[in-house]
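Worksheet for the structure shown next.
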Amino acid sequence: MTRHRLVSVPLAVLSLVVPALVALPVPAAADALSLSNFQLRPNAYGTALRDRADALPLVKATVTNVMNDLNRVDDDDPAGLGEACEPAAVAGGSSVAIAQSVCFNDGDNATSEWYPQGVTTVADMQSDQQWGDGHRPVLVSWYDHDNNADGMVKGVRISFMNPESGAYRHVLLVYPRETSGIIDYDSIRVSQDPTSGDYSTALHAGGIVWYGNYLFVADTARGFRMFDVRRIFDLGASENGTTSGPHLVGYHQGTYYGYGYRYVMPQIGSWTRTADTGTKCTESDQSPNFSHTSLDRSGTDHLLAGEYCAGGEATNGRVAGWPMAGAFSGGELVMDPDYRWNADAAHRLPVSNVQGATRFDGRWYLSQSNGVDNAGTLYTTARPSSATGPLQVTGSQSLSIGPEDLSHWPNGTATSPTRGTFWTVGEHPGKRMVYSVIPAT
């Protein structure tokens, strides 16, 4: 994936996808938000999860190992430049300014067991947009949509994709635990407590950001689950691991399983809200939900997150930003439960049904879904007048059906980036496509 390819759509195409600007009401200045409601802290376990992960008696793998071992591809049309590799993802009568697209194989495209949600890329990982020996991955999160219908809660998996070849592989996310002196792991669920009613529900994983060695995964009611790409384990290369047993996860009679997947990546920490959570999508200004997430590299790096609120609810939801440096000390993740990570911006959203949000040079870009048959929309906003004031739409263009999380891929250089493109993924069965779009405004 080269930068010139990411912008190789004629300007004439852009003119086809820019509808009339949307004039939406702007909330009054009194609607400014309180940043105290967007404060995060490390989980109370401290380093316990990381220590359990490090104690797993399994062979470690690297991102390079995974990228050199991709095992799935869409045989029909795995990847394309300037076109949709899955035509069914584009609603009839709409036109999407696609720079590059990558498609799943027929089984992953059609399955109702797993739904794709979050997107991040190597451009989030570091500013030179390259991993190791030249790999430039795109990552996609999926959650187990069946919610125990088959007797299993498989949790969350991450697709590591090569956007040039279209090849990819799933890595299962797991939660490390200790049972009767054995270091074990479970799938990623809303609650990891087997006595909780939420134990039977997979974490939604609505947004992901890969930053340095760390993967941030949105935890809807809490904040972020944290994973470390230096702690990927290869069950296929471990004497006590296996890629068989698609109905088993964790330690069973001397062997570690991963629902048939070869690679597992354990959680090593989390960021948790400190404010009370109000009733979802009401006017109350309390801790938000974390429905999607992204990274802003235009200036000081910021982690961004926002909440999804459907049309007709009392509010459209909110977005916020945290200086990324606040999450780290000496390049490693802060794990002291007494530490506090404070947002420096928070805004009310101008439209409902926002599935993804990112920011560049002060302007926000929002992906909006519109059902299983209709085109989604990418909105552009004006630069907000204050750190806590509302956002206002200035432009819009078509996206695919069911667009989800957004991830920004800047052009230019690390010290002087230009806007570039935005990656997203369509979630609905038979209409799935991972693609980058050229913003028109």
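For the full complex of protein chains and a 1.4 angstrom probe, list Ile183, Ile232 by accessible area with the highest value first. Intermediate values should be presented prior to the final figure.
Details: Ile183 30, Ile232 0 Å².
Largest accessible area first, the list is Ile183, Ile232.
Could you compute how much accessible surface Asp75 exposes when probed at 1.4 Å, giving the result in Å² to the nearest 10?
Asp75 has an accessible surface of roughly 140 Å² with all protein chains in place.
Assign unit charges at the C-beta atoms only (+1 for Lys and Arg, -1 for Asp and Glu), then state the dipole size of the chain relative to its Cα centre in Debye, rounded to the nearest 20.
Its charge dipole is roughly 800 debye.
Explain nothing, just the number: relative contact order of the range 243-318, from Cα pairs under 8 Å at least 6 residues apart, as a whole percent.
19
For n ≥ 4 DSSP H runs only, could you compute -39500 (n - 2.57) per run for the chain, divide by its residues and tell me the 222 nm figure to the nearest 500?
Calculated mean residue ellipticity at 222 nm is -1000 deg cm²/dmol.
Under a Cβ-Cβ cut-off of 12 Å, what is the net charge of the residues other than Phe224 that fall near it, where Lys and Arg count +1 and Asp and Glu count -1?
My count for the surroundings of Phe224 gives +3.
With Cα Rg over 2.2 N^0.38 Å as the read-out, I listed (i) 1.14; (ii) 0.99; (iii) 0.92; which label goes with the value calculated from this structure?
Correct label is (iii).
Are there trypsin sites (Lys or Arg not before Pro) in the range 297-392 that DSSP puts in a loop and that have at most 16 other Cβ atoms within 10 Å, and which ones?
Values: sites: Arg297, Arg318, Arg340, Arg348, Arg359, Arg363; in loops: Arg297, Arg340.
For trypsin sites (Lys or Arg not before Pro) across the range 297-392 that sit outside H, G, I, E and B with at most 16 neighbouring Cβ atoms in 10 Å, the list reads Arg340.
Would you calculate the separation in nanometres between label points at Asp128 and Ala48, each defined as 7 Å from the Cα along the Cα-to-beta-carbon direction?
Placing both labels 7 Å beyond Cα along the Cβ direction yields 3.9 nm.
Asn213 versus Thr195, label points 7 Å from Cα toward the beta carbon: distance in nm?
3.6
Among DSSP beta bridges lying fully in the chain, give the percent that are antiparallel, nearest 5. Could you put the intermediate results ahead of the total?
On the way: 102 of 107 bridges.
Approximately 95 percent, going by the DSSP bridge assignments.
Hey, what D do you get for the range 273-416 in µm²/s if you plug the Kirkwood alpha-carbon radius into Stokes-Einstein at 10 °C and 1.306 mPa s?
99
Starting from the 7 Å offset along Cα-to-Cβ, what nm value, one decimal, do you get for the label separation of Ala275 and Thr255?
That separation, rounded to one decimal, is 5.0 nm.
How much length would be gained if the chain were fully extended between Ala310 and Thr441, taking 0.36 nm per residue of separation minus their Cα-Cα distance, in nm to one decimal?
Working it through step by step, the gained length comes to 44.7 nm.
Going by a ≥ b ≥ c, the root eigenvalues of the Cα gyration tensor, does the range 363-402 fall in the rounded group (a/c under 1.5), the prolate group (a/b larger than b/c) or the oblate group?
On the way: a/c = 4.18, a/b = 2.69, b/c = 1.55.
Prolate shape, in that a/c is at least 1.5 and a/b is the bigger ratio.
Give me the 1.4 Å probe accessible area per residue for the chain, excluding ligands and nucleic acids, in Å².
In whole numbers, the chain has 35 Å² accessible per residue.
Of the accessible area of the chain, with the probe set at 1.4 angstrom, what percent is carbon plus sulfur? If you can, show how the numbers build up before the last one.
Details: 7440 of 15580 Å².
For the chain, the apolar C and S fraction of the accessible surface comes to 48 percent.
Using only the heavy atoms of the protein chains and a 1.4 Å probe, how would His204, His347, His247 rank by accessible area, largest first? Spell out each step's value before the answer.
On the way: His204 70, His347 5, His247 115 Å².
Reading off the accessible areas and sorting them downward yields His247, His204, His347.
Just to confirm a number: summing +1 for Lys and Arg and -1 for Asp and Glu over residues other than Ser367 whose beta-carbon lies under 12 angstrom from that of Ser367, what do you get?
Net charge around Ser367: -3.
Could you please report the charge total around Thr64, scoring K, R as +1 and D, E as -1 over all other residues with beta-carbon less than 14 angstrom from its beta-carbon?
Charge balance in the 14 Å sphere: +1.
Which of Gly331, Gly420, Gly155 moves most in a GNM of the chain, Cα contacts under 10 Å?
Gly331
How many angstrom lie between the C-alpha centres of the range 256-311 and the range 400-417?
Spelled out, the Cα-based centre of one part sits 19 Å from the other.
Sort the range 47-172 into rounded, prolate or oblate with this rule: let a ≥ b ≥ c be the square roots of the eigenvalues of the Cα gyration tensor; rounded if a/c is under 1.5, and if a/c is not under 1.5, prolate when a/b is larger than b/c, oblate otherwise.
Taking the square roots of the gyration eigenvalues as a ≥ b ≥ c, the range 47-172 is oblate.
The values are calculated or read from the model by the stated rules, or taken from the named source; none is laboratory data. Quick caveat: nothing in here was measured; it's all calculated off a predicted structure. Backbone-built Cβ (ideal geometry, glycine too); neighbour counts: all protein chains shown. SASA here: full protein model, heavy atoms, side chains in, ligands and nucleic acids out. Shrake-Rupley method; radii C 1.70, N 1.55, O 1.52, S 1.80 Å.
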